[in-house]
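Data block below; observations after.
The values are calculated or read from the model by the stated rules, or taken from the named source; none is laboratory data. The model shown is predicted, which means the values in this text are computed figures rather than measured ones. We place every Cβ from the backbone using ideal geometry, glycine too, and count neighbours over all the protein chains shown. Heavy atoms of the whole protein, side chains included, go into the accessibility calculation; ligands, DNA and RNA do not. Shrake-Rupley method; radii C 1.70, N 1.55, O 1.52, S 1.80 Å.
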Amino acid sequence: MHKLYVAMVGLPARGKSTLARRLRDGLVREGIKTQIFNNGDVRRSLLGAESIEPDFYNPQNAFGREAREMICRRNMELAREWLNSGGDVAILDATNASAARRASLEQNLSDWPMLFVECLNEDTLLLDACIRRKVDLPEYANMSDEAALENFLKRIAYYESIYSPLDREKFWLRVDSTANRILGEKPCESSPYYPAIREILVNYWVESLFLVRHGQTEFNVQGRIGGDPMLTAKGREQARALAGCLVPNNIAWVFTSTRLRSHETAAPLLAEKPGVHTMAFTEFDELWAGDCEGMLYSEIREKMPEVTTGRNADKYGYAYPGGESYATLRKRVQQGLRRALFLAAGAPLVIVGHQAINRVLLTIFLRCRNEDVPYIHIPQNQYYHISLTAQRKVFERVAYGA
Ligand code: F6P
């Protein structure tokens, strides 16, 4: 019989709870009975308002320190009981920031091996977004956003003052929680669950992604590239049809580029779903055509024939003078996708991109020869729905407008 404790480690807003849930869901899908024991949930239910003030987290504050240790002990007992009554993996979700706390976990829960999983989030954009999201926690319901943010930053500073990275612990994994990457490990080879845990941490599953191209613009009608045009009447109609089609889905996030046509396409959907989060990423801005921005394809053929010849010879690798190629685009698109998937944390998401961007996004999921990427059909009245998990592989194109 094998059982395992998994203890999360990391400063607040580093993606610990998101990763803990991903681990639980992934292990449960494998038939491994897994449960999360979250110290924050116990603290909120036992202490409520008493634990909101940053000073509660001050290591010099004896009351706060005792209360947090008591909560930790309570969850240790619950986790032990749960493993001994049929569970397989108990996940202790807390900061577990100090070496002393971790030593106490290892000592008190010595009946089964303990694997520490340390979460790092060094992407400043994502870290900032995660910190700002904490403002929505129920404990901050009676505070202004600014006051809640200030409060939470002070709490983080107290944790920073006691934080030490994993090192002496017996078994551990250090992960970049925003990039599904393992940064270091002391493997727990004796546990049959270790390979599954590693696999879940590095895998790039997408529960439900709706990949949309912006609606028609005047530039599209004319055959003009780039720029920042607005939608035509037909484009706005496509955006409304898109909203009608996507509303029944449980969408949590809509990511756009920073271009007007992408915002305008997302607008009706956002208006119908006011609770949905949205963020604009420059990573999803259309292929930059440099000196050719705003020109007609026919003008380019006439005035800059070397561009047309270059693209015809190698459309994937050719970069516009002063601009980008599909090949150079890939890196930023990948970064945008990584960020979007991290923020959505497994919930259904929409990306409203552009022709070249969506070609690259699609081929991150579907393997295809580089030379074929710039010729993939990306209509303005159909979206791609992608769902790729261990159990389910869905890749469908759905029509919604004229
Ligand atoms: O034509 C619309 C557009 O989004 C342009 O802004 C962009 O340069 C182009 O598509 C990318 O497609 P292609 O590489 O086939 O020209």
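Here are a few things to note about the model shown:
- Cross-link partners of Lys393 among lysines, defined as those whose alpha carbon lies under 28 angstrom from its own and excluding same-chain residues fewer than eight positions apart: Lys16, Lys33, Lys273, Lys331.
- Using a probe radius of 1.4 angstrom, the carbon and sulfur fraction of the accessible surface of the chain is 51%.
- The charge dipole of segment 224-348, taken about the Cα centre with unit charges on the Cβ atoms of Lys, Arg (+1) and Asp, Glu (-1), comes to about 360 debye, rounded to the nearest 20.
- Amide H within-cut-off set for Tyr400, under 5 Å, with H built and near neighbours excluded: Gln382, Tyr383
- Each residue of segment 291-299 was assigned a 3J(HN,Hα) from its phi angle through the Karplus expression (A = 6.51, B = -1.76, C = 1.60, θ = phi - 60°), giving 5, 9, 3, x, 8, 7, 4, 5, 5 Hz with x at Gly and Pro.
- Average accessible surface area per residue within the chain, 1.4 Å rolling probe, Å²: 45 Å²
- Assigned charges on the beta-carbon of Lys, Arg, Asp, Glu; the chain dipole about Cα centre (debye): 780 debye
- Kirkwood hydrodynamic radius of the chain, from inverse mean 1/r over distinct Cα pairs, in Å: 23.5 Å
- Along segment 147-162 the Karplus relation, 6.51 cos²θ - 1.76 cosθ + 1.60 evaluated at θ = phi - 60°, assigns HN-Hα couplings of 5, 5, 5, 4, 4, 5, 5, 5, 4, 4, 4, 5, 5, 4, 5, 10 Hz to successive residues, with x for each Gly and Pro.
- Backbone N within segment 181-197 under 20 Å of label point (7 Å from His2 Cα along the Cβ vector): 185-197
- Alpha carbon centroid spacing (whole Å) that separates segment 1-33 from segment 284-343: 41 Å
- Potential lengthening between Ser190 and Lys303 on full extension [0.36 nm per residue; Cα-Cα distance subtracted]: 33.9 nm
- Dividing the mean sequence gap of close Cα pairs (under 8 Å, 6+ apart) by how many residues segment 206-399 holds gives a relative contact order of 32 percent.
- Under 5 Å, built H, 5+ apart or other chain: amide partners of Gly226: Gly294
- Between Ile156, Ile351, Ile251, the Gaussian network model of the chain with springs among Cα atoms under 10 angstrom shows the greatest mean-square fluctuation at Ile156.
- Rounded to the nearest 0.05, the FRET efficiency derived from the C-beta distance between Gln107 and Cys368 at R0 = 60 Å is 0.70.
- Within the shell defined by Cβ-Cβ distances under 13 Å, the residues around Arg330 carry a net charge of +2, with Lys and Arg each +1 and Asp and Glu each -1.
- Each Cα pair under 8 Å and six or more residues apart adds its sequence gap; the mean of these over the residue count of the chain is a relative contact order of 17 percent.
- Residue among Val221, Val117, Val135 with the largest mean-square fluctuation in a Gaussian network model of the chain, springs linking Cα atoms under 10 Å: Val221
- Amide H contacts for Thr256 (H built 1.01 Å from N in the peptide plane; partners 5 or more residues away or on another chain; cut-off under 5 Å): Met279, Ala280, Phe281, Val352.
- Across segment 362-368, rounded Karplus estimates of 3J(HN,Hα) from the backbone phi angles (6.51 cos²θ - 1.76 cosθ + 1.60, θ = phi - 60°) give 4, 7, 6, 8, 9, 5, 7 Hz, Gly and Pro being marked x.
- Relative contact order of segment 4-202, pairs being alpha-carbon contacts under 8 Å that are 6 or more residues apart, as %: 32 percent
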